[in-house]
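As structure tokens, the structure follows; a few thoughts come after it.
A short reminder: the numbers here are calculations on the coordinates, not readings from a lab. Not measured: the values here are computed from a predicted model. Neighbour counts run over all protein chains shown; Cβ positions are idealised from the backbone, glycine included.
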Amino acid sequence: MKKKILVIGITMAAAGSEKSFLSFAGAIDYEKYDVDLLLARKAGDFLSLVPKEIRILEMGKMGELFLIDRRNAKRIIGKRYLAKNPFRIFGLAPYLFQMKKADGQKARSFAANRMWLSMMEKMPDCPGEYDIALAYWGDRTMFYMIDKVHAKRKIAWLHFDYSHPPREDALYLDYFKQCDKVVTVSEAIEKSLKSALPEIADRVVTLENIINRREILAKACEEADFGDDFHGIRLLSVGRICPQKGYDLAVPAIARLIGEGYPVRLYIIGEGQREYVQRLGEQIREARISDAVRFLGVRQNPYPLMRAADIYLQPSRHEGRPIAVEEAKALCKPIFVTAYASAAEQMENGRLGLIGEISEEGIYGGLKRLLDEKELRDSFIKKLEELAKKEEKASAVMDIFE
């Protein structure tokens, strides 16, 4: 008899967790498992890519709580939480007071998280019984899984660095203790989590993201259209356009390189937070490099552009283990990454790509070195080609269900 699995997500937007899920879904043995994917909203550029064997469910109107952020919080809370019962505002008042009086972003974030949990309590339980529940989209999906899902085993999957941004240990410890396994995507993140919460060390494991290199290579064969006729050095970055990804650190570094005569152009694939994108645009205009930074929007298939680019750039402030870097490795591209938590592990301490400090100076220096030293770029390509010859295995991921 097949085991029933519930995977809890938010949307199928074109982002790292969603892309990781698609690779994960491709490794599932559907002869052994019936799989439901429960989304807060059945939407996103990657929705059509979900395997046909997976049944896609939606949380309903209250699922919009999963989409709350600083910009839309008032609208969503008013529409989805208070509209039917305005007296619920009194239950939120203590958290709102804490947020208003909080001394610093850390305390405000803790209070906001607690307030979100109090609202989630009003959501109905997920119908049905499952053998395994898997919270694949981070914090909120884990909270929902523990409080609202009926399953024999519960697994939290962390694609982020637990220590960035800071999280309330007492709250997370309570939820992690109710998980049968807590999966991280890098050994560095596992070490960080165990250090912060040693009480759950026995249930924390690391499973790297699955990368289907054959599929990536096949999709990369399509024509690469950057939308220009630029003949210089193309730098490419893929990811949500938000402060975490560090594009505001990369822009002045690019400006300095251009000022020194390097013929470079940065292409960014992804969508972003409106306010941050606006600030980034102003920064680009003030640096007078509007022609040197191009926003390409969401691409369901970024691999032709990744293949055609000269250097892949990941200028992040913090990361779990970015899947876009793994894809660039699969395509054997010269890579520069900043020193986020898993960078040394991901790049084998600089053997597979260059690592620099998380700063304008670090990005500038690292790119300059890659641009100046062709032998270094070639050595990275050669080592990645050797790595690609190793057999890919997905069995370890499926073992987590047994």
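Since only Gly365, Ile269, Leu354 are under comparison, the one whose Cα sits farthest along the positive direction of the charge dipole of the range 214-388, derived from C-beta charges on Lys, Arg, Asp and Glu, is Ile269. For the chain, the longest principal axis of the Cα atoms and the long axis of helix 89-101 meet at an angle of about 40 degrees.
Please determine, in degrees from 0 to 90 and to the nearest 10, the orientation of helix 247-259 with respect to the longest principal axis defined by the Cα atoms of the chain, where the helix direction is its Cα long axis. Tilt of helix 247-259: around 10 degrees. On C-alpha positions alone, give me the angle between the axis of helix 374-388 and the longest principal axis of the chain, in degrees, nearest 10. Helix 374-388 and the main axis of the chain meet at about 40 degrees. Taking the empirical scaling 2.2 N^0.38 Å for compact globular proteins as reference, the range 214-388 has a Cα radius of gyration ratio of 0.95.
Scattering from the C-alpha atoms of the chain alone, worked out with Debye: what is log10 I(q)/I(0) at q = 0.09, 0.11 1/Å? Ignoring solvent entirely, the Cα scatterers give -0.58, -0.86.
Counting other C-beta atoms within 10 Å, and keeping those with at most 11, which DSSP coil GluC sites (Glu not before Pro) do you find in the range 222-284?
Filter output for the range 222-284: Glu223, Glu260.
Candidates Met115, Ile211, Ala255 compared by Cα position along the dipole of the chain: farthest toward the positive end lies Met115, with charges placed on Cβ. Rg and Dmax of the range 15-65, both derived from C-alpha coordinates alone, stand at 11.6, 34 Å. A DSSP coil position with no more than 15 other Cβ atoms inside 10 Å describes the following chymotrypsin sites (Phe, Trp or Tyr not before Pro) in the range 1-103: Tyr30.
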